[in-house]
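The values are calculated or read from the model by the stated rules, or taken from the named source; none is laboratory data. None of the values given here were measured: they were computed from a predicted structure. Glycine gets a Cβ as well: all are built from the backbone with ideal geometry, and neighbour counts include every protein chain shown.
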Amino acid sequence: MSKLFVALALSSLFVAYQARADVDLPGVALFTTGGTIQSKGAHRQKLMEYSDGRVTPQELLDDLPELQGIAKIDVTEISNIGSGGMNTALQLKLAKAINAALAKPGVTGAVVTHGTATLEETAYFLNLVVKSDKPVVLVGAMRPFTAVSRDGPFNLYNAVRVATSPQAKGMGVLIMLNDEINAARDTTKSNTYRMETFVARDLGPLGYADSDRIVFYRRPLYRHTTKSEFDVGALDDLPRVDVTYAYQESDGVAIDAFVAAGARGVVLTGSNADAVKKGQTKGVVFVQSDRKGAGRVVESARQMERGIVTSDNLPPQKARVLLRLALTRTTDLKEIQRMFNEY
């Protein structure tokens, strides 16, 4: 047997092995929206005010060749903006794209890059409207792509690992930063600058992305994804809902302004009885939340008499997300209260 024949045979075996390996890898749909994870600073020590360019989806993938060993990545760019610019049109576009991707049999899960400032709102929105039990993982970074101590690449690597984990199936939408796996509903950004910013204050993380394996320790019991009654497939907009912030001597001016601007719902962190009553006469739905960031707003006879829905332990920004979707289905206060109790 000639050396040439042996070399050709080994080459053929290697090609066949590589092809088989590629076939066996799970498929992950990656959707990029921007944020710090896709931002560039002027130099490697620039950890704030980084506005010196944007990282493309392909640059993200080229920077992480390790992903080639764990998944077949199909990337779609939804936007490349800071999360302060995330809006209804982009969220609906993202949700519809994720639902379409997860309906494909070759796709195991989805990953979304997102700025951290409003990541929790998009994550909770998707938790209510994604129609699949396949994992959806939102990921971001606290330091820009160019930083000497950047966290984005490893966060993204772990997000893909979680999206391919059989244990993540049926867990609802997840948030993956700082090695921690958190539930979209439970989690909020708690620090403006530190990498351990995303926390589920009342309940803690679902699990961890450790070096040896993905580990889960609990499962959410509230309704989400496949058990959700909300469907945005035919929607191109959502009702306007605004949020008030309570402080000493705050009055009803903000509520009056939101109602005048066409709000169909208002989330309260305090209250002004006269402004609420005026809004209710115009059909506006009010939800009582709280500014503290943890703990439940419990149902009470007083709130029921006043016709105000309570938000359970949803912070104002997430209560707004749920109320917008609730208003696509009903204005009945008992029904909306049911939704806040179940989701």
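Quick rundown of the values:
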quantity	calculated
Search result, residues across the stretch 107-132 that are assigned to a loop (DSSP other than H, G, I, E, B), among the β-branched types (Val, Ile, Thr) and under 24 Å from residue 340 (Cα atoms)	118, 130
Some residue of the stretch 172-183 being part of a loop (DSSP other than H, G, I, E, B), modelled with pLDDT of 95 or more, surrounded by 18 or more Cβ atoms within 10 Å (Cβ to Cβ) and under 19 Å from the mean Cα position of the chain (by Cα)	yes
Some residue of the stretch 283-297 being over 20 Å from residue 322 (Cβ atoms) and outside any strand (DSSP E or B)	no
Residue in the stretch 298-343 that is modelled with the lowest pLDDT, counting only those that are of a type outside the set (Val, Ile, Thr), over 15 Å from residue 202 (Cβ atoms) and not in a helix (DSSP H, G or I)	300
Conditions (1) in a loop (DSSP other than H, G, I, E, B); (2) surrounded by fewer than 18 Cβ atoms within 10 Å (Cβ to Cβ); number of the one not met by residue 154	(1)
Meets criteria (charged (D, E, K, R) and in contact with a helix residue (DSSP H, G or I) (Cβ under 9 Å, 6 or more places away or on another chain)) for residue 134	yes
Those residues of the stretch 249-282 which are assigned to a helix (DSSP H, G or I) and under 22 Å from residue 189 (Cα atoms), in sequence order	none
Residues of the stretch 315-339 satisfying the condition of being in contact (Cβ under 8 Å) with a residue 24 or more places away in the chain and more than 17 Å from residue 238 (Cβ to Cβ)	315, 333, 337
Hits in the stretch 29-64 - residues which are of a type outside the set (Lys, Arg), in a loop (DSSP other than H, G, I, E, B) and under 20 Å from residue 194 (Cα atoms)	34, 35, 41, 43, 45, 47, 48, 49, 50, 51
Qualifying residue in the stretch 205-221 (condition: in contact with a Phe, Trp or Tyr (Cβ under 9 Å, 6 or more places away or on another chain), under 26 Å from residue 323 (Cα atoms) and in contact (Cβ under 8 Å) with a residue 60 or more places away in the chain)	no
The stretch 154-178: number of residues that are closer than 13 Å to residue 141 by Cβ and not aromatic (Phe, Trp, Tyr)	8
Those residues of the stretch 210-239 which are buried (at least 16 other Cβ atoms within 10 Å of the Cβ), touching a helix residue (DSSP H, G or I) at 6+ places or on another chain (Cβ under 8 Å) and closer than 23 Å to residue 121 by Cβ, in sequence order	223, 224, 225, 228, 230, 232, 238, 239
Residue in the stretch 133-150 that is of a type in the set (A, V, I, L, M), part of a helix (DSSP H, G or I) and surrounded by 21 or more Cβ atoms within 10 Å (Cβ to Cβ) present	no
Residue list for the stretch 66-90, filter: among the charged types (D, E, K, R) and assigned to a strand (DSSP E or B)	72, 74, 77
Test: residue in the stretch 147-169 that is charged (D, E, K, R) and at positive phi	no
Residue satisfying all of: in the stretch 265-284; within 30 Å of residue 198 (Cα to Cα) and either among the acidic types (Asp, Glu) or modelled with pLDDT of 95 or more (or both); surrounded by the most Cβ atoms within 10 Å (Cβ to Cβ) among these	267
